[in-house]
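Enquirer: Encoded as structure tokens, here's the structure I'll be asking about.
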Amino acid sequence: MRRKGEISPGAIRREYPFRLLFPEEHGRDLLEGGRFYPSCAPRTSVELVGGLRHIAVHFADEADALKF
């Protein structure tokens with residue numbers, strides 16, 4: 001469930017196709033560093049990879065993702 005006006009996980013995947021995955025123990029502070037890049041998504045998402053939870057930081061521009 002999401003709040004009114006909040007971007008959905010599907011919209012994040014469509015509009016911000018480039019993502020970086022970090023193990024969950026790094027915490028959600030990763031988004032704070034990503035906000036220095038103009039193409040960073042407004043929020044992170046949780047992805048399951050190999051049965052482990054990862055924090056995904058999404059970017060619309062591949063160059064910003066590589067710099068991060």
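The values are calculated or read from the model by the stated rules, or taken from the named source; none is laboratory data. Treat the numbers as computed from the prediction; the structure is a model and nothing was measured. Cβ: placed from backbone, ideal geometry, glycine included. Neighbour counts: every protein chain shown. For accessibility, only protein heavy atoms count, side chains too; no ligands or nucleic acids. Shrake-Rupley method; radii C 1.70, N 1.55, O 1.52, S 1.80 Å.
Enquirer: Quick check on the chain: helices-only [θ] at 222 nm, where DSSP H runs of length 4 and up contribute -39,500 (n - 2.57) each and the sum goes over total residues. Nearest 500, please. Please list the in-between numbers first.
Expert: Values: 3 runs with 18 residues, N = 68.
Value at 222 nm, helices only: -6000 deg cm²/dmol.
Enquirer: With a 1.4 Å probe and all protein chains kept in place, how much accessible area does E24 have, in Å² rounded to the nearest 10?
Expert: 70 Å²
Enquirer: If you don't mind, there's one more thing I want to ask. Under a crude label model (7 Å from the Cα following the beta-carbon direction), how far is R35 from E6 in nanometres?
Expert: 1.7 nm
Enquirer: Under a crude label model (7 Å from the Cα following the beta-carbon direction), how far is F68 from V49 in nanometres?
Expert: For the pair F68/V49, the computed spacing is 1.3 nm.
Enquirer: Can you list residues from other chains, or at least 5 along the same chain, whose modelled amide H is less than 5 Å from the amide H of F18?
Expert: F59
Enquirer: Something else now. Over the chain, how many percent of alpha carbon pairs lie in each 10 Å bin up to the one with the longest distance?
Expert: Histogramming the chain at 10 Å steps yields 22, 53, 25, 1 percent.
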